[in-house]
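As structure tokens, the structure follows; a few thoughts come after it.
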Amino acid sequence: MSEPSTSSEPVAQQQIPEALALEIRRLAHDLSNALEIIVQTSYLLNMAELKEPASDWLRMLDSGVSKALELNLQLREYIKTNTPR
């Protein structure tokens, strides 16, 4: 029985079927639109002078927004890389 590989070798990936890729692209696009609303609202809140603890909550929101944007970018890149076209 062989041991699972722990090296950093890339895993062979299958292409995403086109119909599935189209649906995932649509969902990623809709997610981008929803995130844009959150980003703009966060920007506007940053313009206000918030008192504690609201300013701490805003920093938490900004951190979560940044992570969500990065994950969405990774998702879109993954779809692009693994879809035939």
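Structure notes:
- Phi angles of the range 21-35 translate, via the Karplus equation with coefficients 6.51, -1.76, 1.60 and θ = phi - 60°, into HN-Hα couplings of 4, 4, 5, 5, 4, 4, 5, 5, 5, 4, 4, 4, 5, 5, 5 Hz per residue; Gly and Pro are given as x.
- Vicinal HN-Hα couplings computed from phi for the range 51-59 (Karplus, 6.51 cos²θ - 1.76 cosθ + 1.60; Hz; Gly/Pro x): 8, 5, x, 4, 5, 5, 4, 5, 5
- Tail weight of P(r) past 19 Å, computed on alpha-carbon pairs of the range 18-81, percent: 42 percent
No lab work stands behind these numbers, since they all come straight from the coordinates. Just so you know, these numbers come straight off a predicted model, no measurement behind them.
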